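Everything below concerns the one structure shown next.
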Amino acid sequence: MSLGVFSQSQSLTLGVELELQIVNNDDYDLAPVSGDLLRLMKKHSIPGNVTPEITSSMIELSTGVCTGFSQVLSELGQIRDALVDCAGQLDVSLCGGGTHPFQHWSRRRIFETPRFHELSSLYGYLSKQFTIFGQHVHIGCPSADEALVLLHGMSRFIPHLIALAASSPFVQGEDTGFDSARLNSVFAFPLSGRAPFVQNWGDFETYFAKMTRTGVVSGMKDFYWDIRPKPEFGTIEVRVLDTPLTIEKAAAIAGFIQCLARWITVEKPFTLSEDDYLPYTFNRFQACRFGLDGTFVDPETGEHRVLRDDLSAVLSRLDTHAGDLRAEAALQYLRREINGVGNDATWLRRIEDENHLLPEVVRRATRRWHGR
């Protein structure tokens, strides 16, 4: 097997993928109707694409290649509106969130594709437990070496991104105590976690050849890393985000990632080192468990800071880059959330505290996703 050529793409372009929940309008449990929804979507002209996911109560939308935050928001809005129209014809609704609060994995159906059935055969019940919902953000890179450097530079901000996007506190009817319980399901897969610390494509090809020689992997799709290179797109792909409850937040997070990428690329604010990964697993756990109130250990100094505070400091460093990228509105959106309600996990818990009824939590989440 070969990685193939790393496609050249325009630096800092964006592509966004969102995995969505399809729920019925009776009890707000998941509805296995993605095939019907896809058939109806063929009648709509949209700027990106809509595809199935591993179980039939999920759908994935993706934008085209976007230059920045405003285009991402526009394309997500057009796709969202078309999906909402089609969902209405089926008497179902759509919503964000990294997990469905009370669905049971054993009731899920694998979507009929050879790839999904291959995964189901390999991973067993984990495949149905993978009825979880994430946002992936692709960042364009002009060369393979630059992609790897950006990947490792971006890795120190994985806990910040997890905490911002966390929207999965409930699993199978219980409050897990985690802001992002979704990632616990991802971590169960054998090739999850961080990418190896290599900074040039030749060394990465050597690593990939060793892995394929073992028979463990056949392509990049077999790696469930937090960030991974995508040679066919000429991008790196950030994969740790729960699906937000609104397209506005999804676009704002994408804008934030673009600003981060520009700051790392232009200013080179730190020297990359394997030691950057020493607190990586701890930082990631803290973000999943406690969200914005988690502890962040600075990989250079060892200083312990609250993620909310460190995130605010990072945002302030990005203002100039946000201006150049016309992403000021994205950073302002995130600042309001950090200083206000917090992340989406906090909002979901608040609705549950008010109503003590998880179907009502889902109903309210669908209204947010539908833009109502």
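The values are calculated or read from the model by the stated rules, or taken from the named source; none is laboratory data. As the structure is a prediction and not an experimental result, all values here were calculated from the model. Cβ atoms come from the backbone with ideal geometry, glycine included; neighbour counts cover every protein chain shown. Note: areas computed on protein heavy atoms with side chains; ligands, DNA, RNA excluded. Shrake-Rupley method; radii C 1.70, N 1.55, O 1.52, S 1.80 Å.
Quick notes
- Residue check for Gly219: at pLDDT 95 or above and farther than 28 Å from Gly291 by Cα: no
- Among (1) surrounded by 13 or more Cβ atoms within 10 Å (Cβ to Cβ); (2) under 21 Å from the mean Cα position of the chain (by Cα); (3) of a type outside the set (Asp, Glu), the one test that Arg336 misses: (1)
- From the list Ala322, Ala329, the lone residue that is within 28 Å of Cys66 (Cα to Cα), of a type outside the set (S, T, N, Q) and open to solvent by 40 Å² or more (accessible area, probe 1.4 Å) is Ala329.
- Residues of the range 253-292 that turn out to be free of Cβ contacts under 8 Å to residues at least 60 places away in the same chain, charged (D, E, K, R) and touching a Pro at 6+ places or on another chain (Cβ under 9 Å), as a count: 1
- Summed over the range 213-223, the residues that are open to solvent by 30 Å² or more (accessible area, probe 1.4 Å) and either at positive phi or in a helix (DSSP H, G or I) (or both) give a count of 4.
- Verdict on Ser93 being farther than 28 Å from Ile227 by Cα, of a type in the set (Gly, Ala, Ser), within 22 Å of the chain's Cα centre (by Cα) and not in a helix (DSSP H, G or I): yes
- Qualifying residue in the range 58-72 (condition: assigned to a helix (DSSP H, G or I) and in contact with a helix residue (DSSP H, G or I) (Cβ under 6 Å, 6 or more places away or on another chain)): yes
- For the range 276-292, the candidate set comprises residues that are among the aliphatic types (A, V, I, L, M) and surrounded by 20 or more Cβ atoms within 10 Å (Cβ to Cβ); within that set, the residue that is nearest to the chain's Cα centre (by Cα) is Ala287.
- Thr131 surrounded by 23 or more Cβ atoms within 10 Å (Cβ to Cβ) and at pLDDT 95 or above: no
- Residue match in the range 261-275 (condition: modelled with pLDDT of 95 or more, within 30 Å of Gln78 (Cα to Cα) and open to solvent by less than 10 Å² (accessible area, probe 1.4 Å)): yes
- Within the range 156-187, if we keep just the residues that are part of a helix (DSSP H, G or I), among the hydrophobic types (A, V, I, L, M, F, W, C) and touching a helix residue (DSSP H, G or I) at 6+ places or on another chain (Cβ under 8 Å), the residue that is modelled with the lowest pLDDT turns out to be Leu183.
- One residue from Phe233, Phe204 being of a type in the set (A, V, I, L, M, F, W, C) and either part of a helix (DSSP H, G or I) or within 22 Å of Phe157 (Cα to Cα) (or both): Phe204
- Residue check, Arg262 over 17 Å from Tyr333 (Cβ atoms) and touching a helix residue (DSSP H, G or I) at 6+ places or on another chain (Cβ under 8 Å): yes
- With respect to the stated conditions, Ser7 fails to be more than 20 Å from Val171 (Cα to Cα), touching a Phe, Trp or Tyr at 6+ places or on another chain (Cβ under 8 Å) and open to solvent by less than 30 Å² (accessible area, probe 1.4 Å).
- Note on the range 10-48: residues that are touching a residue at least 40 places away in the same chain (Cβ under 8 Å), open to solvent by less than 40 Å² (accessible area, probe 1.4 Å) and not in a loop (DSSP other than H, G, I, E, B) amount to 17.
- Members of the range 343-372 found to be part of a loop (DSSP other than H, G, I, E, B) and open to solvent by 60 Å² or more (accessible area, probe 1.4 Å), listed by number: His356, Leu357, Arg372
- Reported count of residues in the range 17-49, each being aliphatic (A, V, I, L, M) and more than 25 Å from Val361 (Cβ to Cβ), is 4.
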